[in-house]
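*Asks:* The structure follows.
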Amino acid sequence: MEKSKSRKYMNPYLAGILLGLVVLAANFISGRGVGASGAIKSTIVAGVETIAPAHAAGNEFYDNFSKANDGKPIQNWLVFQMLGVIVGGFLSGVISRRLTWKVEHNPKIQSRTRLIFALLGGILFGLGSQLGRGCTSGSALSGMAVLSLGGFISMAAIFGTAFVLAYFFRKLWI
Amino acid sequence: MGPLAINEIISENTNFLLAFFIGIGFGFVLEQGGFSSSRKLAGVFYGYDTVVLKVFFTGAITAMLGLLFFSLFGWIDMDLVYVNETFLWSAIVGGVIMGAGFIMGGYCPGTSFCGAAIGKIDAMIFIIGLFIGIFFFGEAYDFFEPLFHAKDMGSPRISEFFGISEGILVLIVIVAAILMFWIGEWAEKKFPREEY
């Protein structure tokens with residue numbers, strides 16, 4: 001890994017201000033904040049509708065979402081936004097020379113362990129994001145921006161739990 | 001004037017196009033801030049790297065203040081802006097499950113897409129997990145439904161909830177954030193880590 005060649009990260013406070021301006025722009029332009037998990041939900045609902053239409057119609061979760069999107073679950077604001085995130089992340093990686101195929105992990109654990117926990121973490125985060133009506137982006141960050149009570153609760157619950165559990169998973173990270 | 005899409009100043013298709021550009025900005029800033037690295041993200045929970053704390057709270061404050069000013073100047077009608085709904089129990093239980101996912105997986109959904117965009121294989125596996133988790137919720141929706149709809153509080157703003165003005169609330173958040181930034185800077189010196 002060419003650590004010396006890759007550029008340093010942006011000052012976190014500057015990055016935070018720019019992040020805030022992105023959320024502000026989303027609210028000013030579209031009347032909503034940013035998000036991530038909702039785009040995956042759109043993709044899943046569209047996928048289930050295509051593969052098993054009867055099953056999707058009989059399930060309130062899929063059916064409600066589809067109806068709220070005029071029957072076109074994939075044609076959703078967050079889907080377009082997440083496609084942008086992939087492009088934006090990639091461009092940033094190109095500019096700062098950080099494009100590499102790798103499993104990033106603590107050298108004290110094997111990459112297999114890292115991948116198993118990445119999968120488990122993803123499953124839990126996905127499940128939790130549906131109960132929480134949004135993830136760190138959609139519920140916590142964007143919710144806090146509009147002073148939503150739910151946004152503050154999500155933020156406290158996500159970070160609070162991760163802090164409490166940090167001790168038990170310390171071998172993964174330190 | 002704003003929100004442009006809701007006031008029909010821009011069309012639905014323009015709104016989708018702009019969503020794509022907002023996403024580019026979002027992904028670019030997250031990656032530049034270091035959110036494509038799970039080891040940087042997890043650092044906040046052990047004190048060796050508190051970039052998450054700094055970027056997240058600076059971002060939240062900037063957006064809050066921006067909306068407050070835009071509203072004051074009459075540039076945006078805050079009544080037309082989406083305010084997240086609050087269902088108390090599912091917000092708490094969902095947040096707890098997400099917190100567990102965060103410390104195990106090292107990413108949240110948005111940051112995992114940034115990691116995947118620059119080739120992190122662990123981020124791609126995390127994304128597969130997200131798909132499984134959300135699909136599982138959909139299939140088990142009948143089981144989760146009572147919790148999902150319990151304690152519907154509507155869409156309250158936290159300032160309304162506590163009966164204080166928005167300005168005072170934002171000021172409290174700013175003071176709290178400055179305290180946390182100070183603790184964060186201290187923690188990074190206290191629990192340093194060389195290369196990760």
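The values are calculated or read from the model by the stated rules, or taken from the named source; none is laboratory data. The structure displayed is predicted, hence computed values, not measured ones. Using ideal geometry, Cβ is built from the backbone for each residue, glycine included, and neighbour counts are taken over all protein chains shown. Protein only, heavy atoms only, side chains kept; ligands, DNA and RNA dropped before computing areas. Shrake-Rupley method; radii C 1.70, N 1.55, O 1.52, S 1.80 Å.
*Asks:* Within the range B:166-189, how many residues are surrounded by 15 or more Cβ atoms within 10 Å (Cβ to Cβ) and free of Cβ contacts under 8 Å to residues at least 40 places away in the same chain?
*Replies:* Matching residues across the range B:166-189 total 1.
*Asks:* Show the residue pairs that are 6+ apart or on different chains and have beta-carbon atoms under 6 Å apart, the first residue being within the range B:1-23 and within 7 Å of chain A (Cβ to nearest Cβ), the second being assigned to a loop (DSSP other than H, G, I, E, B) and open to solvent by 90 Å² or more (accessible area, probe 1.4 Å).
*Replies:* Close Cβ pairs (under 6 Å, with a partner that is assigned to a loop (DSSP other than H, G, I, E, B) and open to solvent by 90 Å² or more (accessible area, probe 1.4 Å)) amount to B:GLY2/B:TRP75.
*Asks:* Looking at the structure I just gave you, is A:LYS102 more than 7 Å from every other protein chain (Cβ to nearest Cβ) and of a type outside the set (A, V, I, L, M, F, W, C)?
*Replies:* So A:LYS102 does not fit the description; no.
*Asks:* Return a yes/no flag: does the range A:54-74 have any residue that is over 18 Å from the mean Cα position of the chain (by Cα), of a type in the set (D, E, K, R) and open to solvent by less than 60 Å² (accessible area, probe 1.4 Å).
*Replies:* Scanning the range A:54-74, I find at least one residue that is over 18 Å from the mean Cα position of the chain (by Cα), of a type in the set (D, E, K, R) and open to solvent by less than 60 Å² (accessible area, probe 1.4 Å), so the answer is yes.
*Asks:* Considering only helices (runs of 4 or more DSSP H) fully contained in the range A:4-116, which possess at least 3 residues that are touching a residue at least 40 places away in the same chain (Cβ under 8 Å) and either touching a helix residue (DSSP H, G or I) at 6+ places or on another chain (Cβ under 8 Å) or within 28 Å of A:LEU172 (Cβ to Cβ) (or both)?
*Replies:* Of the helices (runs of 4 or more DSSP H) lying wholly inside the range A:4-116, those with at least 3 residues that are touching a residue at least 40 places away in the same chain (Cβ under 8 Å) and either touching a helix residue (DSSP H, G or I) at 6+ places or on another chain (Cβ under 8 Å) or within 28 Å of A:LEU172 (Cβ to Cβ) (or both) span A:12-30, A:37-51, A:77-95.
*Asks:* When only residues in the range A:112-122 that are aliphatic (A, V, I, L, M) and open to solvent by less than 50 Å² (accessible area, probe 1.4 Å) count, which is farthest from B:MET98 (Cα to Cα)?
*Replies:* Only one residue fits best here, namely A:LEU115.
*Asks:* For B:ALA42, indicate whether it is closer than 24 Å to A:ALA157 by Cα, modelled with pLDDT of 95 or more and of a type in the set (Gly, Ala, Ser).
*Replies:* yes
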